[in-house]
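Note sheet for the following structure.
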Amino acid sequence: MKIPERGTAPEQVLEDMRRIRAEDADWKSGRTWSLVYHASEEHTRLLKDAYCMSFSENGLSPLAFPSLKRFETEVIAMTADMLGGGPQAVGSVTSGGTESILMAVKSAREWARAERPAIERPRMLLPLTAHPAFEKAAHYLGVEAVHVPVGPDFRVDVEAARRALGEDTILMVGSAPSFPQGVIDPIPELAALAAEQGICFHVDACLGGFMLPWLRRLGHDIPPFDLGVDGVTSISADIHKYGFAAKGASTIVYRDDRLRKYQYFAYTDWPGGIYVSPSMTGTRPGGAIAAAWATFQHLGEEGYLELARTIMETNRRLIEGIQSIDGLRIMGEPQMSVFAFDMQDGKAYALGDELEQRGWHLDRLQFPPALHMMVTPPHQAVVEPFLDDLAACTRVVASREDESVSGMAAMYGMMAALPDRAQAKEFAVDFFNQLMKPGS
Ligand SMILES: *Cc1c(COP(=O)(O)O)cnc(C)c1O
């Protein structure tokens, strides 16, 4: 493929794009249960206006664009306040949860290099359910990941974490909540262990950061999980998830700047000038930062509480509905609007494929096979039709005997059965490689 020799008129380009987009997941109708967090059409219009207002500006330079500096520092100050941070709390707006987590691990690594120079091979303790962004951080930053098992309730096993601690451990991690089952790790117990050792502790609240504080206000029983807990040194929360901002906005907040200073990167010997950058990216889209600020201003606590109320009411109806279907079981006790369920005889993947036929797209979990749901406002309108289809599909799959598996079920089944995980990894990378060819 080449860049077209001649340009095309804007209307035609947009028309072509509309056609190309036709096969995308139809999230507006509430038939997908991941990837997009949509509050309302009205809210999205504001996001687009705010984003476009700062569309061209670059967050790389707070000196050139004091508006972005103000938006960012105020977004961080408001997020820190929401998450139990004191007046000393500091942080950055990043491009997403993954970057926030990379920064948390990078700060811990630099801290250890400065304060624990004897450590040659730094390690971090990760609950098995921790987000792969931590594995990515391990891979990029040379910090070894040590996996800590979770108990039958899918929360990390604190005793196992204690046993896994070693001289080289620089960082411990807990999720609030974890992506797979939506349960909150025992943060106070874990953070106390970290404090005893004098090491870093990061809370991954990428998913829950903008829900749990409101749920607590609404009277839900939410255990302590944020910077208010002794021993927690940093926390990440995604504004582009339940914060309902435009994509490309997450936060990393530290208790104070003792750790944050290790996040920054500076190079002062470049002929191009003195270069200081807070995070992974160089150029930072001003629009994402501006839209995050606009979201806080527009929604206010009131707006967030109202969204949380609607989401949790929808969530309750879904969970009760699923529990009443023979053969399905909610995994653990989800504490928010994200949960998983499995099907008897390990038939969750076949059920997922059956639902797919009826236009419902649910993420697949593994070890054991399960289906995943992340509830957002558009789902309010589809609870009944979804539960009807789910009940019907469950009956179909349950009554099918000798399963000749196809579709996603076949692929997931095959991947889970590979005893050699290096082979599984190679297969996944090959698959992605094939997928990312133009025209495939
Ligand atoms: C989404 C998510 C992340 C990663 O965030 P991205 O914005 O996708 O990079 C990390 N942790 C948890 C628990 C998440 O749900």
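The values are calculated or read from the model by the stated rules, or taken from the named source; none is laboratory data. In this text, all values refer to a predicted model and were calculated from it rather than measured experimentally. For neighbour counting, all protein chains shown are included, and Cβ atoms are generated from backbone atoms with ideal geometry for every residue, glycine included. Side chains are part of the model used for accessible areas, which takes the heavy atoms of the whole protein and leaves out ligands, DNA and RNA. Shrake-Rupley method; radii C 1.70, N 1.55, O 1.52, S 1.80 Å.
Computed from phi, the 3J(HN,Hα) profile of the stretch 211-216 under the Karplus parametrisation 6.51, -1.76, 1.60 (θ = phi - 60°) reads 10, 4, x, 6, 5, 4 Hz, with x in place of Gly and Pro. Residues within the reach of a label modelled at Tyr140 (point 7 angstrom out along Cα to beta-carbon, backbone nitrogen below 15 Å), restricted to the stretch 420-440: there are none.
Ligands, DNA and RNA left out, the 1.4 Å accessible surface of the stretch 63-216 is 54% carbon and sulfur atoms.
Amide H to amide H distances under 5 Å link Met343 with Ala348, where only residues 5 or more positions off or on other chains count and H is placed in the peptide plane. With no solvent and one point on each alpha carbon, what is the Debye value of log10 I(q)/I(0) for the stretch 49-117 at q = 0.13, 0.16, 0.26 Å⁻¹? So the normalised log intensities are -0.51, -0.74, -1.18.
Taking amide H as placed 1.01 Å from N in the peptide plane, Thr94 has its amide H under 5 Å from the amide H of Ser250, Thr251, Ile252, each at least 5 places away in sequence or on another chain. Summarising the label geometry, the points placed 7 Å from Cα in the beta-carbon direction at Glu5 and Phe432 lie 3.7 nm from one another. The local environment of Glu196, defined by Cβ-Cβ distances under 12 Å, has a net charge of -1 under the rule Lys, Arg +1 and Asp, Glu -1. Computed packing ranks the peptides 373-381, 208-216 as 208-216, 373-381, most packed first, by mean other Cβ atoms within 10 Å.
Obtain the radius of gyration and the Kirkwood radius of the stretch 1-71 from its C-alpha atoms and give Rg over Rh.
Numbers: Rg = 17.5 Å, Rh = 16.1 Å.
With Rg and the Kirkwood Rh in hand, the quotient comes to 1.09.
Backbone geometry of the stretch 129-142 corresponds, through the Karplus equation with coefficients 6.51, -1.76 and 1.60 at θ = phi - 60°, to 3J(HN,Hα) couplings of 8, 4, 5, x, 4, 6, 5, 4, 4, 4, 5, 6, 9, x Hz, x marking Gly and Pro. The modelled label-to-label distance between Glu159 and Ala118, using points 7 Å beyond Cα along the C-beta direction, is 3.0 nm. Summarised in one figure, the compactness ratio Rg/Rh of the stretch 222-277, Cα atoms and Kirkwood Rh, is 1.13.
Taking all pairs of different Cα atoms in the chain, averaging 1/r and flipping that mean, what Kirkwood radius in angstroms comes out? All intermediate terms of the calculation are to be shown ahead of the outcome.
Values: mean 1/r = 0.0428 Å⁻¹.
Hydrodynamic radius (Kirkwood, Cα only) of the chain equals 23.4 Å.
Between Leu390, Leu35, Leu305, the GNM of the chain built on Cα springs shorter than 10 angstrom shows Leu35 fluctuating the most.
Assign one of three labels to the stretch 106-169, namely rounded, prolate or oblate, based on the Cα gyration tensor with a ≥ b ≥ c the square roots of its eigenvalues; rounded applies when a/c is under 1.5, prolate when it is not and a/b is larger than b/c, and oblate otherwise.
Working: a/c = 2.99, a/b = 1.59, b/c = 1.88.
Oblate, because a/c is 1.5 or more while a/b does not exceed b/c.
Within the assembled protein chains, the solvent-accessible surface assigned to Thr8 is about 80 Å², based on a 1.4 Å probe.
What separates the Cα centres of the stretch 171-219 and the stretch 323-390 is a distance of 25 Å. Each residue of the stretch 407-412 was assigned a 3J(HN,Hα) from its phi angle through the Karplus curve 6.51 cos²θ - 1.76 cosθ + 1.60 (θ = phi - 60°); the sequence is x, 4, 4, 5, 5, 5 Hz, with glycine and proline shown as x.
Suppose only helical runs count, i.e. DSSP H with n ≥ 4. What mean residue ellipticity at 222 nm does that imply for the chain under -39500 (n - 2.57) per run, divided by all residues and rounded to the nearest 500 deg cm²/dmol?
-14000 deg cm²/dmol
Here's how it looks for Ser175: its modeled amide H is under 5 Å from those of Asp185, Asp204, which are all 5 or more places away or on a different chain. With distances taken between every two different alpha-carbon atoms, the stretch 257-300 has a Kirkwood hydrodynamic radius of 12.9 Å.
Only protein atoms count toward the accessible area here, which uses a 1.4 Å probe; on the stretch 387-440, the carbon and sulfur part of that area reaches 60 percent. Taking only protein heavy atoms and a 1.4 Å probe, the accessible area of the stretch 264-365 is 50% carbon and sulfur. Summarising the strand pairing of the chain, around 60 percent of its internal DSSP beta bridges are antiparallel. The label point for Ala392 and the one for Asp49, both projected 7 Å from the Cα toward the Cβ, are 4.2 nm apart. Near Ala291: Cβ cut-off under 11 Å, other residues only, Lys/Arg at +1 and Asp/Glu at -1. The net charge is +1. In straight Cα distance, which aspartates and glutamates are under 12 Å from Lys261, not counting same-chain residues fewer than 8 positions off? Leaving aside aspartates and glutamates fewer than 8 places away in the same chain, those within reach of Lys261 are Glu110.
If I histogram all Cα-Cα distances within the stretch 350-439 using bins 10 Å wide from 0, what percent of pairs lands in each bin? All Cα pairs considered, the percentages come to 13, 38, 31, 17, 1.
Quick one: accessible area per residue over the chain, 1.4 Å probe, rounded to a whole number of Å²?
Details: 22260 Å² over 440 residues.
I get 51 Å² per residue for this part.
Taking 0.36 nm per residue of sequence separation and removing the Cα-Cα distance, the Val13/Asp26 pair yields an extension gain of 2.5 nm. For the chain, a Gaussian network of Cα nodes joined below 10 Å ranks Ser40, Ser95, Ser234 by mean-square fluctuation, and the top entry is Ser40.
Hey, with R₀ at 35 Å, roughly what FRET efficiency would Trp270 and His38 work out to, going by the Cβ-Cβ distance, to 0.05? Don't skip to the answer; put the middle values down first.
Working: r = 42 Å, r/R0 = 1.21.
Plugging the Cβ-Cβ distance into 1/(1 + (r/R0)^6) gives 0.25.
Centre-to-centre, using Cα atoms only, the stretch 18-83 and the stretch 260-312 are separated by 10 Å. Considering only Gly282, Gly174, Gly96, the mean-square fluctuation computed in a Gaussian network model of the chain, springs between alpha carbons under 10 angstrom, is largest for Gly282.
Per-residue counts of other Cβ atoms within 10 Å, averaged by peptide: what ranking do you get for 323-329, 382-388, highest first? Walk me through the intermediate numbers first.
On the way: 323-329: 14.0, 382-388: 16.0.
In decreasing order of mean packing, 323-329, 382-388 become 382-388, 323-329.
Structure note, pairs Lys28/Lys48; Lys106/Lys136; Lys69/Lys247; Lys48/Lys247; Lys28/Lys247; Lys106/Lys425: Cα-Cα distances above 22 angstrom occur for Lys106/Lys425.
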